[in-house]
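Reviewing the structure listed below.
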Amino acid sequence: MNRPLYRVTAGIFLILSIFCSFPLAADESGSDDNPCQVETSLWMIANLMPDPGDFYQLSLGYRLDDKNILFFNGLTWKYPAPLGIPLYDSSFGSADEEYPGYVRAFGFGVGYQRFIWEGLFASLYATPFLQKFYTSDNQYLNSGFQLFLQGQLGYQIDFFKGRLYLKPALSFNYWPVNTDFPDTFQQKEKNWPNYIFFEPHLNIGFRF
C-alpha cells in the first residue's frame, strides 16, 4: 500500500465522516428485524492505487440486542515496514524503514461491539494472524504468528432505517505476540513499538 497516500486519505475520510455523522444519525435503525450484518473497510479502495497493500476485510456480525453485537472478522494484507510506525511520524512511508521484503498476513478473529450512546460505540477485537515473510523478489523465507488486539471508538451513521451504515472510528492496536521474524526484518522491527494509537478506520456495512 502507498503508505503516505493512505495517511492523507484516512485523515480526510475520518474528518468528513465525523462532521457528517451527527445530522445523519437521526435516521436510527429498526434493527430488531435484521439481526445479521456484514461489513468491510472502505480502505480497500487503496487496492486500486499504485503499490497496493492487497488489503481485504470481511466481517460478519450478529446483533445480540439493541446495544451488543458479536463479530467474526477475516482479513488479509501485506505490509512492507513495521506496523508500529505512527501515521504522524516522519518515518511513516520512508523507504529507510522498510523491510528487505514484505509480510503477507492472514487473520481470522472475533470482536464485540457495544453502543454507548445513540450511534457512539466501543469495540474490542482479537485476531490471530499467520504471517509469511518474503524477500523483495517474492522468495518465501519463513512463517510466524501474530496476536493482534484492537480497541475502537467510533460513531455509526445509519441510512435507510439502519439497513446501510458507515462506521468512522479510531483504533488502538497492540500486538503482544509477534514471532519468527527473519533477522533482516527484525533489525527494522526492533526500532518501533508493538502498539499504535489513533489509527483511522471507515467501515461500511449492511444489515439483513
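If only one of 69, 45 is loosely packed, with under 14 Cβ neighbours inside 10 Å and outside any loop (DSSP other than H, G, I, E, B), which one is it?
Just one listed residue meets the conditions, 45.
Looking at segment 119-132, is at least one residue surrounded by fewer than 17 Cβ atoms within 10 Å (Cβ to Cβ), of a type outside the set (A, V, I, L, M) and under 18 Å from residue 58 (Cα atoms)? Steps first, please.
Of the residues in segment 119-132, the ones surrounded by fewer than 17 Cβ atoms within 10 Å (Cβ to Cβ) are 120, 122, 124, 126, 128, 130, 132.
With of a type outside the set (A, V, I, L, M) added as a condition, the list becomes 128, 132.
Now restrict to residues that are under 18 Å from residue 58 (Cα atoms): 128.
Yes - at least one qualifying residue is present in segment 119-132.
Being modelled with pLDDT of 95 or more and more than 21 Å from residue 85 (Cα to Cα): is that true of residue 154 here?
Details: modelled with pLDDT of 95 or more: yes; more than 21 Å from residue 85 (Cα to Cα): yes.
Yes, satisfied.
Only residues that are under 17 Å from residue 106 (Cα atoms) and not in a strand (DSSP E or B): list them for segment 48-66, please.
The answer is 52, 53, 54, 55.
Per-residue answers, yes or no, for (1) over 21 Å from residue 55 (Cβ atoms); (2) out of contact with any strand residue (DSSP E or B) (no Cβ under 7 Å at 6 or more places or on another chain); (3) touching a residue at least 12 places away in the same chain (Cβ under 8 Å); (4) not charged (D, E, K, R):
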site: 137; (1), (2), (3), (4): yes, yes, no, no
site: 140; (1), (2), (3), (4): no, no, no, yes
site: 147; (1), (2), (3), (4): no, no, yes, yes
site: 154; (1), (2), (3), (4): no, no, yes, yes
site: 161; (1), (2), (3), (4): yes, yes, yes, no
site: 167; (1), (2), (3), (4): no, no, yes, no
site: 177; (1), (2), (3), (4): yes, no, yes, yes
site: 192; (1), (2), (3), (4): no, yes, yes, yes
site: 207; (1), (2), (3), (4): yes, no, yes, no
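Scan segment 179-188 residue by residue and report those that are touching a residue at least 60 places away in the same chain (Cβ under 8 Å), closer than 17 Å to residue 84 by Cβ and not hydrophobic (A, V, I, L, M, F, W, C).
Result: 188, single match.
Out of 198, 148, which single residue is closer than 27 Å to residue 37 by Cα and either surrounded by fewer than 17 Cβ atoms within 10 Å (Cβ to Cβ) or at pLDDT below 95 (or both)?
Exactly one residue qualifies, and that residue is 198.
The values are calculated or read from the model by the stated rules, or taken from the named source; none is laboratory data. Note that the structure is predicted; figures quoted are calculated from it, not measured. Cβ atoms come from the backbone with ideal geometry, glycine included; neighbour counts cover every protein chain shown.
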